[in-house]
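Q: Handing you a structure now.
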Amino acid sequence: MEKRRWIDITQPLTNGMAHWPGDTPFRFELGVTKEQSGSVNIGEIRTSLHMGTHADAPFHFDENGKRLHELDVNTYIGKAKIIDVTIHPSLGRSELEGYNLDGVERLLLKTSGTNNPFVFPESFIELRPDIGPYLKEKGIFLLGIDVPSVDRTDSKNLPTHHSLGDNGIHIVENLMLADVEPGDYEFIALPLAIQDADGSPVRAVIRRI
């Protein structure tokens, strides 16, 4: 029997990748070359913490919310269910009631057939604020999605971020799920240990259960 393999569902951090309008683009370069140092290459990066596949800390949208270093790493490791919601332009309680989410703790939403890191999507699925209370009722404490945000790009009050945060739901955005089959998986998406941060890139991987 072939050993179950981990599948990388991370959007790579790459020079020239698309970024949220007005946000700091990702940039990697060699700050020091081996030729310059005589021994090693040393790379450096400049980036928003919300580039590529990333976790939002509650402090990202709530001044009184927990910062990254205050979050439990166990939130980002464990069983997860991927469901295909590509048929829905908008998603909330009524649509999710059509899926069996009994016993699910981490839910990953496959909303699109593509996720091009070099093109910021003109539009993507709308998650309605009633999703937060429903996920809490089901016992879900992490929501992952394959688009840049759980709110619309033109939103300033971020109602779905707040709905999720108020109901104890942690957020991972910009997963790469286009080529992944729905089902139950082991899931790891650990944020970096950045003191006081509002978010962090993650390396997200799954393995079929």
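Q: With touching a Ser or Thr at 6+ places or on another chain (Cβ under 8 Å) and of a type in the set (Val, Ile, Thr) as the only criterion, which of Thr75, Thr86 stands out?
A: Thr86
Q: How do the strands (runs of 3 or more DSSP E) wholly within region 1-89 filter down when requiring 3 or more residues that are among the aliphatic types (A, V, I, L, M), within 23 Å of Asp146 (Cα to Cα) and under 15 Å from the mean Cα position of the chain (by Cα): which remain?
A: 77-84
Q: If a residue must be within 20 Å of Thr14 (Cβ to Cβ) and hydrophobic (A, V, I, L, M, F, W, C), how many such residues does region 191-209 contain?
A: Looking only at that region, the number is 4.
Q: Select from region 17-46 the residues that are surrounded by 10 or more Cβ atoms within 10 Å (Cβ to Cβ) and in contact (Cβ under 8 Å) with a residue 60 or more places away in the chain and list them in ascending order.
A: Met17, Ala18, His19, Trp20
Q: Additional query: Tell me, yes or no, whether region 57-80 has at least one residue that is surrounded by 16 or more Cβ atoms within 10 Å (Cβ to Cβ), farther than 17 Å from Ile171 by Cβ and touching an Asp or Glu at 6+ places or on another chain (Cβ under 6 Å).
A: no
Rule-based calculations on the coordinates, nothing more; no lab input. Keep in mind that what you see is a predicted model, and the values were worked out from it rather than measured. Neighbour counts run over all protein chains shown; Cβ positions are idealised from the backbone, glycine included.
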